[in-house]
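Reviewing the structure listed below.
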């Protein structure tokens with residue numbers, strides 16, 4: 001959700017863009033499991049294992065253990 005919230009919107013002229021706290025992971029040394037867990041405010045212990053890909057809207061995949069309903 002953090003990345004989705006950081007996407008610039010055309011209808012948000014003059015508004016400050018949201019930032020994602022922390023630094024992006026080193027692509028040569030990705031963390032085990034979900035690569036977003038070090039920066040994710042919703043990270044849980046299970047995030048240290050790779051989350052499964054699932055379709056959450058037609059044509060859009062996500063990989064997160066947290067239910068979409070709890071993230072919105």
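Read-outs throughout are calculated quantities, based only on the coordinates presented, and are distinct from any laboratory measurement. All figures in this text were calculated on a predicted structure; none of them were measured in a lab. All Cβ positions, glycine included, derive from the backbone under ideal geometry; neighbour counts span all protein chains shown.
Assorted remarks:
- Within segment 49-57, the presence of at least one residue that is part of a loop (DSSP other than H, G, I, E, B) and surrounded by 14 or more Cβ atoms within 10 Å (Cβ to Cβ) is confirmed.
- The set of residues in segment 30-68 that are over 21 Å from residue 20 (Cα atoms) and touching a helix residue (DSSP H, G or I) at 6+ places or on another chain (Cβ under 8 Å) contains only 56.
- Pairing each residue of segment 44-72 that is in contact (Cβ under 8 Å) with a residue 24 or more places away in the chain with any residue that is assigned to a strand (DSSP E or B) and surrounded by fewer than 12 Cβ atoms within 10 Å (Cβ to Cβ), provided the two are 6+ apart or on different chains, yields C-beta distances under 8 Å for 63/53; 63/54.
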